1. With a/c under 1.5 counting as rounded, go ahead and sort the stretch 10-58 into rounded, prolate or oblate using the C-alpha gyration tensor (a ≥ b ≥ c being the square roots of the eigenvalues; past the cut-off, prolate if a/b is larger than b/c, else oblate).
2. Going by average Cβ density within 10 Å per residue, which order do the peptides 89-99, 36-46, 67-77 take, highest to lowest?
3. Output ³J(HN,Hα) for the stretch 65-81: one whole-Hz value per residue in order, computed from phi by the Karplus curve 6.51 cos²θ - 1.76 cosθ + 1.60 with θ = phi - 60°, and x for Gly and Pro.
4. Could you compute Rg(Cα) / (2.2 N^0.38 Å) for the chain, with N its residue count?
5. Taking amide H positions as placed in the peptide plane 1.01 Å from N, state which residues far from Met68 in sequence (5 or more) or on other chains have amide H under 5 Å from it.
6. Under the Karplus relation 6.51 cos²θ - 1.76 cosθ + 1.60, θ = phi - 60°, what is the ordered set of whole-Hz ³J(HN,Hα) values for the stretch 6-19, x standing for Gly and Pro?
7. Would you compute, from DSSP H runs of 4+ residues alone, the mean residue ellipticity of the chain at 222 nm, taking -39500 (n - 2.57) per run and dividing by the full residue count, rounded to the nearest 500?
Amino acid sequence: MARDAGLEELLREELAGLPGLSEKAMFGGLAFLLNGNLLCGARDDGMLVRLGKSNDGFALELPGVVQMTLGGRAMQGWVRADARAYGENALRKRLLGAARAYVQTLQVK
């Protein structure tokens, strides 16, 4: 799967200055980690966002947002947002804010 350099840059700008942020190639794209825990990712099929189990209901009701699948398996607590969704500043910020809120509850790796 090809990477989306434009989305990667958009996420870098959005997450700039966040303490404990790092990047790692995975899932066929670029993953952003917060304190060693997966936060979100950029792939050519959209922005992946980690919201945590039972925290993704609001996101799945939004246009352009679906549950993430990996190898045909549904990934509970993860969503994939297409360009319609991540292209809207307010929606992208809402998804990333929810991801940060969840990931900050996890133990630092």
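1. oblate
2. On the way: 89-99: 16.7, 36-46: 20.5, 67-77: 12.0.
Descending packing order for the listed peptides: 36-46, 89-99, 67-77.
3. Per-residue couplings from phi come out as 10, 9, 5, 6, 10, 9, x, x, 9, 5, 9, 4, x, 10, 10, 10, 9 Hz.
4. On the way: Rg = 12.5 Å, N = 109, 2.2 N^0.38 = 13.1 Å.
Here the answer is 0.96, to two decimals.
5. Hits under the 5 Å cutoff: Met75, Trp78, Val79, Arg80.
6. Along the stretch 6-19, the couplings run x, 5, 4, 5, 4, 5, 4, 5, 5, 9, 3, x, 6, x Hz.
7. Values: 4 runs with 34 residues, N = 109.
The helix contribution divided over the chain gives -8500 deg cm²/dmol.
No value in this document is a laboratory result; all are computed from the given coordinates. All figures in this text were calculated on a predicted structure; none of them were measured in a lab. Counting neighbours? That spans all protein chains shown, and the Cβs are built from the backbone with ideal geometry, glycine included.
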